[in-house]
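Colleague: Following this message is one structure expressed as structure tokens.
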Amino acid sequence: MLRDLSFLKIGGTCNAVFEPTSTSDLQQLLKKTNDNILCLGAMSNVLLYDGHIDKSVILTKKMNNIRFSNNQVFVEAGCSIASFIKICVDNNISCIEDMLCIPGTIGGAIIMNAGIQSFEIFDVVKSIQCLDRNGNTVILQRDNCSPQYRNGNIPAGLIVTSCILQTKKADNDLRQKISNIMKKRNQTQPIGSFTCGSTFKNPTGYKAWELIDSVGCRGMQIGGAAVSDLHCNFIINNGNATFSDVIQLINTIKQRVYAKHGIVLEEEIRIIT
Ligand SMILES: Cc1cc2nc3c(=O)[nH]c(=O)nc-3n(C[C@H](O)[C@H](O)[C@H](O)COP(=O)(O)OP(=O)(O)OC[C@H]3O[C@@H](n4cnc5c(N)ncnc54)[C@H](O)[C@@H]3O)c2cc1C
């Protein structure tokens, strides 16, 4: 069941699951199968339908090579953000350490243009290597990409296999910076809960959590899904939440925020059916 692998612990079945170990492995697989494909990283930003998804799922986690060269690094899509940052820090290299509080893979981060207020992954992207549905290689140069807030705008259907990121020699305070990020995360996020992080994007000029709080949704519960008391842009699965519970909670929040503020909240999480 996909639920076992997802951060939110919601998800049903799919046609097949593949875990390629390299780009050429994935290339062969794409050429062999005619099925619709769904590529997933760590599943830290997805709400998956809990019935059957009529697709074959590709999990990238075994594609996790990293190669450093002069002021840049080649990273495969399945590499986890945390382990990549650890390797950078151990080698005294600065790259995406600002993203330490973000779970997930490099590929997922590219698709989402993941980041924090002051930094997003596209700040250091030089190029992105992808495969299309037929296994053909597509290389996207940074200058030809149009990333937006929490959306890398990678053309639909492409699977990100790796990227090249800009690096630099770390400042002396890198380890201190890392420790500060971890401390802040532990204070502000519901660590240990089943969640996929921020449910909604911040509308321009507003913070989604403040809007949600202002309409009395902090702690609101529908079935097994609840708005986190600690961070009310996070939806939590209390253990037995269904896909439908989360959708209902999302819709209730959106309706209340619209009724009071005239603002349409847009989902940051990807809803996959
Ligand atoms: C506790 C918590 C805190 C978080 N904090 C932040 C934060 O501060 N900032 C932030 O930006 N995000 C945050 N997130 C969200 C999430 O961690 C990021 O969006 C992350 O980059 C998603 O990576 P993933 O590998 O889990 O992607 P998944 O959730 O697996 O997938 C996300 C989307 O990308 C697609 N996808 C994944 N990999 C590929 C690939 N290789 N090729 C093509 N498509 C692919 C999937 O189909 C899906 O549409 C948080 C999540 C949690 C649970």
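Colleague: Mind running the shape call on region 2-59? Use the C-alpha gyration tensor, a ≥ b ≥ c as the square roots of the eigenvalues: rounded below 1.5 for a/c, prolate if a/b tops b/c, oblate otherwise.
Modeller: oblate
Colleague: Using just the helices of the chain, give the 222 nm mean residue ellipticity in deg cm²/dmol: DSSP H runs with n ≥ 4 each add -39,500 (n - 2.57), and the total is spread over all residues, rounded to 500.
Modeller: Details: 6 runs with 68 residues, N = 273.
Mean residue ellipticity, 222 nm, calculated: -7500 deg cm²/dmol.
Colleague: Hand me the trypsin sites (Lys or Arg not before Pro) from region 30-92 located in a DSSP loop with no more than 15 other Cβ atoms within 10 Å, in residue order please. Before the final figure, lay out each step's value.
Modeller: On the way: sites: K31, K32, K55, K61, K62, R67, K86; in loops: K61, K62.
Passing both the DSSP loop test and the Cβ count: K62.
Colleague: For each pair in K86/K183; K61/K168; K31/K55; K9/K207, compute the distance between the two Cα atoms and list the pairs where it is over 20 Å.
Modeller: On the way: K86/K183 16 Å; K61/K168 26 Å; K31/K55 15 Å; K9/K207 26 Å.
Among K86/K183; K61/K168; K31/K55; K9/K207, the Cα-Cα distance tops 20 Å for K61/K168; K9/K207.
Colleague: Can you give me the Kirkwood hydrodynamic radius for the chain, using every pair of distinct Cα atoms, in Å to one decimal? Write out the running numbers ahead of the final one.
Modeller: On the way: mean 1/r = 0.0514 Å⁻¹.
Kirkwood radius, the chain: 19.5 Å.
Colleague: Quick one, what does Rg over Rh come out to for region 191-268 if you take C-alpha atoms and the Kirkwood Rh?
Modeller: Rg divided by Rh gives 0.94.
Colleague: Please get the size of the charge dipole for the chain, origin at its Cα centre, with Cβ charges of +1 on Lys and Arg and -1 on Asp and Glu, quoted in debye to the nearest 20. List each step's numbers first, then the result.
Modeller: Numbers: 27 positive and 23 negative charges, 49 e Å.
Roughly 240 debye for the chain.
Colleague: On a full-extension model of 0.36 nm per residue, what is the gain between E266 and F74, subtracting their alpha-carbon distance, rounded to one decimal in nm?
Modeller: Details: separation 192, 0.36 × 192 = 69.12 nm, distance 3.26 nm.
Once the chain is fully extended between E266 and F74, it gains 65.9 nm.
Colleague: Mind listing which trypsin sites (Lys or Arg not before Pro) in region 189-233 are in a DSSP loop and have 15 or fewer other Cβ atoms within 10 Å? Display every interim value, and only then the final one.
Modeller: Values: sites: K201, K207, R218; in loops: K201, K207, R218.
Of the trypsin sites (Lys or Arg not before Pro), the ones in loops of region 189-233 whose Cβ has at most 15 other Cβ atoms within 10 Å are K207.
Colleague: Still on this structure: Hey, fewest Cβ within 10 Å first, where do R150, R142 land in order?
Modeller: In increasing order of surrounding Cβ atoms, one gets R142, R150.
Colleague: Now for a separate question. With 10 angstrom as the radius, rank D245, D132 by how many other C-beta atoms surround their C-beta, starting from the fewest.
Modeller: Working: D245 21, D132 13.
Ordered from fewest to most neighbouring Cβ atoms within 10 Å, D245, D132 come out as D132, D245.
Colleague: Pick out, from N71, I58, S24, the residue whose Cα sits farthest towards the positive end of the charge dipole of region 1-149, with +1 on the Cβ of Lys and Arg and -1 on the Cβ of Asp and Glu.
Modeller: S24
Colleague: Which of Q129, Y149, M99 sits closest to the plus end of the dipole of region 66-169, meaning its Cα is farthest towards the positive end, when Lys and Arg get +1 and Asp and Glu get -1 on the C-beta?
Modeller: Q129
Colleague: Further question on the same structure: Based only on Cα atoms, what Rg/Rh ratio does region 66-169 have, Rh being taken as Kirkwood's radius?
Modeller: On the Cα set of region 66-169, Rg over Rh gives 0.94.
Colleague: With +1 on each Lys and Arg Cβ and -1 on each Asp and Glu Cβ, how big is the dipole of region 42-152 about its Cα centre, in debye rounded to the nearest 20?
Modeller: Numbers: 9 positive and 10 negative charges, 50 e Å.
For this selection, approximately 240 debye.
Colleague: Now for a different question. Going 7 Å from the Cα of T33 toward and past its Cβ, which residues in region 150-188 have a backbone nitrogen under 17 Å from where you end up?
Modeller: Residues 157-161 fall inside that zone.
Colleague: Output the relative contact order of the chain, whole-number percent, from Cα pairs under 8 angstrom with separation of 6+ residues. Can you show the working numbers first?
Modeller: Working: 565 pairs, mean separation 50.3, N = 273.
So the answer I get is 18 percent.
Colleague: Going by how many other beta carbons lie within 10 Å of each one, how would you line up M63, M99, fewest first? All intermediate terms of the calculation are to be shown ahead of the outcome.
Modeller: On the way: M63 26, M99 23.
With the sparsest Cβ surroundings first, the list reads M99, M63.
Quick note: the coordinates plus some simple rules give every number you see, no bench work behind them. Keep in mind it's a predicted model, so treat the numbers as computed, not measured. Please note: Cβ atoms are built from the backbone with ideal geometry, for glycine as well, and neighbour counts cover all protein chains shown.
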